Amino acid sequence: MGTGREGTVFLAVHLGLEEYRAVKRVSKSFLNYEQFRREALILKELRHPGIPIVYDVEEDESYSYLIEEYLEGDSLYDLVKKQGHLSRELTIFYGIQLASIINYLHLAGTTPILHLDLQPKNLLLCHDTIKLIDFGLAASLKEANKPGERYGTVGCAAPEQYEAETVLDERTDIYAIGTILCYLHTGKFPQMPFIPAASMDPGLAAVIGQCICKEKENRYSTAQELMEQLRQLKETETDAKKRLQSSSLTIALSGSKSGAGTTHIGIGLSVYLKNQGIPNLLEEKQDSFMGAGLFKFTKAKRDSYGLLHYRNLIIKPYYGAGVKLKDPPFHVHLMDWGENLSQALGMAPDAVILVCDASIWNQLHAFEAVEEVIRSGIPYAVIYNHWAIDKKICIPKGAQASVFFRAPFFSDPFTVSNELETFYQAVTNEILAETRGGRRWDLLFMRWGKNMINKLRIKERCLQGKG
Amino acid sequence: MKKFAKRGWKLGNPFGKVETPELIGIIGTGRGTGVTHFSVMTAGYLTGVMRMRCAVLEWNHHESFSRMAAACSCEKKGKNPFRVLETDYFGKAGIDTLLLCKKSGYHTVIVDYGTAKEGNLDEFFRCSRQLVIGSLSEWQIGEFLEFEKRGMKTEKSWDSLVSFGSEEARKSLEKRLKVPVRRIPFSIDPFSVTAETISFYEQLF
């Protein structure tokens, strides 16, 4: 799987359990078995979703082996190299996760455990969950300050790690978190003195600045404090965002006709939500060959859930009935139903986005589709493609004008511009506002009531007829 | 048969117009190596995951497809051809069936040639992709070695796959033959495609 300073990591299969494991092999000429065992003993005590599980430690004549949980995903370093720097929201989202892991690590033992090698290459992204790997330099506070050589990663290591005399403590790791946040948001490690670019969000710049102060005393004193600060930056949120983060949510996307642009809008929405720090999965629910085509032409990888990872998008392509895969761990599902509007509505999603073609010859189709969506009582938004500004659109009776949107032209749905961000923000606010969630239940209840009254009336008429 | 093949099913095609289907020949070095099982698995991957139109031809005398059709249709004697999970299966196939399939818009035609001892080797070598399945069980490894050595002499090339036998035996065989010998992942149900199967086929194709 990879080779580092200490040794090589292999991918192995547990033959009995048929499960993957990561096996780290370190030569005894580099590190004696007892030193190596120290890493295993540190990890053994830790139980956190962001820290890999250690199963065993072994040795032979030449090597020591650490058998760990296999983690599937790219490092944050690779992520930024492939996709470019991340949005403010996504940086904060990952920052909170990282601060949470480090806070756990600092509080896990009787004395704090310091990682001392936090860097983007040691952070894996597994379905939008950060996992911290490589505890080769990790040590308790006491052991970390024993005399001897100190190691770290240039660009991420705190100034005190370069000096033998200065005491290392929790704030040494906090410095590294600051450099990682800077790397994620700008694509570069901070230069000293830290002068943030004018375009950088002042709140985030202030947090980074405080993490990477040269003097430890000026940094956040605990990872908990840093986490709270990052959470406060996240607080300025809309109702829609809160709903997207609180529980599971399914948004169905359907087109009034084939070729209306549903997939294009769906990809854009998925990328927008991800940039907002909301992990989501775009599922292809109709056989449009998008997944198969993407795999063939881009060589995008499939993971153990059968999901394709391409650029900043995660897609579950349409699979035949014989394909049996585990359910992927996502709370927010965007389901692309193509032109199958009835099926989309039949699955009772939390919200529907109807994509219509506004061309004159397709307006009747669009009108009928909008009527069908209104009848369903599910919160909805209607997006028109190919809608010229000066042209009027015919909308059914009872429809509110605020749910109709004109899609801006965007050739690459994987790149969300400012205009597109405003557009998607307006759409999600419309369909996910808390009041609309309440209204849906009201509508369902009203529909149920109406149906019952109608049934009773029919029964009454039948009885009268019989009499 | 013609009527069935023409009827077809939804033909969306991300791979361009189908001119000639890819012909994948699968043959075993002996009986019981799992050629039919593997043919069904391969078809399951190509249709279920890659969304290709796929046909499987039984070009041997084992009559497994007839029993499969009967099991699928709950009748004593099943139909021929028949369809399971979007794949078309043609039992008792020969050159006529192959020609029909070539004209029927399939992306891939998989041919189950049974064993190498049944006299189908010439047909097998005409396929664009050739997959040889052996078994490393102690009583079957001899047939596999014999086939591989014969191939080396004639300078033919194919992908070698094994279903049974130990990992040590597979590795030592790779060293001895100096060609990769892939292990087919264990699968109880050949109609089910799992994450492990997907990963195996992504490397194979």
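The values are calculated or read from the model by the stated rules, or taken from the named source; none is laboratory data. Note that the coordinates shown come from a computational prediction; the quantities given were computed from them, not determined experimentally. All Cβ positions, even for glycine, are placed from backbone atoms using ideal geometry, and neighbour counts span all protein chains on display.
Residue-level check: of (1) at pLDDT below 90; (2) hydrophobic (A, V, I, L, M, F, W, C); (3) more than 22 Å from the chain's Cα centre (by Cα), residue A:233 misses just (3).
Could you list all residues from region B:189-205 that are away from chain A (no Cβ under 11 Å) and surrounded by fewer than 18 Cβ atoms within 10 Å (Cβ to Cβ)? If the condition is that a residue be away from chain A (no Cβ under 11 Å) and surrounded by fewer than 18 Cβ atoms within 10 Å (Cβ to Cβ), then B:203, B:204 are the ones that fit.
Each residue in region A:2-18 was checked for being loosely packed, with under 11 Cβ neighbours inside 10 Å and either in a strand (DSSP E or B) or in contact with a His (Cβ under 6 Å, 6 or more places away or on another chain) (or both), and 1 pass.
Yes/no per residue for (1) of a type outside the set (A, V, I, L, M, F, W, C); (2) within 19 Å of residue A:22 (Cβ to Cβ); (3) in contact (Cβ under 8 Å) with a residue 60 or more places away in the chain:
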residue: A:69; (1), (2), (3): yes, yes, no
residue: A:72; (1), (2), (3): yes, yes, yes
residue: A:78; (1), (2), (3): yes, yes, no
residue: A:81; (1), (2), (3): yes, no, no
residue: A:89; (1), (2), (3): yes, no, yes
residue: A:94; (1), (2), (3): yes, no, yes
residue: A:97; (1), (2), (3): yes, no, no
residue: A:100; (1), (2), (3): yes, no, yes
residue: A:106; (1), (2), (3): yes, no, yes
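May I ask you to verify whether residue A:131 is modelled with pLDDT of 90 or more, touching a helix residue (DSSP H, G or I) at 6+ places or on another chain (Cβ under 8 Å) and not aliphatic (A, V, I, L, M)? So residue A:131 fails the test.
Residues satisfying the criterion are present in region A:96-119 (criterion: over 29 Å from residue A:417 (Cβ atoms) and of a type in the set (Asp, Glu)).
Close Cβ contacts (under 6 Å, 6 or more residues apart or on different chains) running from residues in region A:382-409 that are of a type in the set (Val, Ile, Thr) to residues that are assigned to a loop (DSSP other than H, G, I, E, B) and surrounded by 18 or more Cβ atoms within 10 Å (Cβ to Cβ) comprise A:383/A:407.
For region A:281-301, give me each residue that is surrounded by 19 or more Cβ atoms within 10 Å (Cβ to Cβ) and either out of contact with any strand residue (DSSP E or B) (no Cβ under 6 Å at 6 or more places or on another chain) or of a type outside the set (D, E, K, R) (or both). The answer is A:281, A:282, A:286, A:288, A:289, A:290, A:291, A:292, A:295. Can you confirm whether residue A:218 is under 23 Å from residue A:414 (Cβ atoms) and either at pLDDT 90 or above or in contact with a Lys or Arg (Cβ under 7 Å, 6 or more places away or on another chain) (or both)? Against the criterion (under 23 Å from residue A:414 (Cβ atoms) and either at pLDDT 90 or above or in contact with a Lys or Arg (Cβ under 7 Å, 6 or more places away or on another chain) (or both)), residue A:218 does not qualify. Listed by position, the strands (runs of 3 or more DSSP E) enclosed by region A:270-344 that each have at least 2 residues that are within 14 Å of chain B (Cβ to nearest Cβ) and within 30 Å of residue B:190 (Cα to Cα) are A:308-310, A:313-316. Look at (1) crowded, with 18+ Cβ neighbours inside 10 Å; (2) more than 14 Å from chain A (Cβ to nearest Cβ) and you find that residue B:179 fails only one, number (1).
Test residue B:89 against the criterion of being within 14 Å of chain A (Cβ to nearest Cβ) and touching a residue at least 12 places away in the same chain (Cβ under 8 Å), and give yes or no. Spell out the reasoning first.
Values: within 14 Å of chain A (Cβ to nearest Cβ): yes; touching a residue at least 12 places away in the same chain (Cβ under 8 Å): yes.
Judged against the criteria, residue B:89 is a match.
Can you find even one residue in region B:4-12 that is modelled with pLDDT of 85 or more and either outside any loop (DSSP other than H, G, I, E, B) or within 14 Å of another protein chain (Cβ to nearest Cβ) (or both)? Checked region B:4-12: no residue is modelled with pLDDT of 85 or more and either outside any loop (DSSP other than H, G, I, E, B) or within 14 Å of another protein chain (Cβ to nearest Cβ) (or both). Scoring residue B:168 on the criteria (1) surrounded by fewer than 16 Cβ atoms within 10 Å (Cβ to Cβ); (2) within 14 Å of another protein chain (Cβ to nearest Cβ); (3) under 19 Å from the mean Cα position of the chain (by Cα); (4) not in a loop (DSSP other than H, G, I, E, B) leaves a single failure, condition (3). Screening residue B:43 with (1) of a type outside the set (Val, Ile, Thr); (2) in a helix (DSSP H, G or I); (3) surrounded by fewer than 24 Cβ atoms within 10 Å (Cβ to Cβ) gives one miss only, at (3).
Yes/no per residue for (1) crowded, with 20+ Cβ neighbours inside 10 Å; (2) more than 24 Å from residue A:220 (Cβ to Cβ); (3) modelled with pLDDT of 85 or more:
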| residue | (1), (2), (3) |
| --- | --- |
| A:27 | no, yes, yes |
| A:42 | yes, no, no |
| A:56 | no, yes, yes |
| A:59 | no, yes, yes |
| A:74 | no, yes, yes |
| A:77 | no, no, yes |
| A:107 | no, no, yes |
| A:110 | no, no, no |
| A:113 | yes, no, yes |
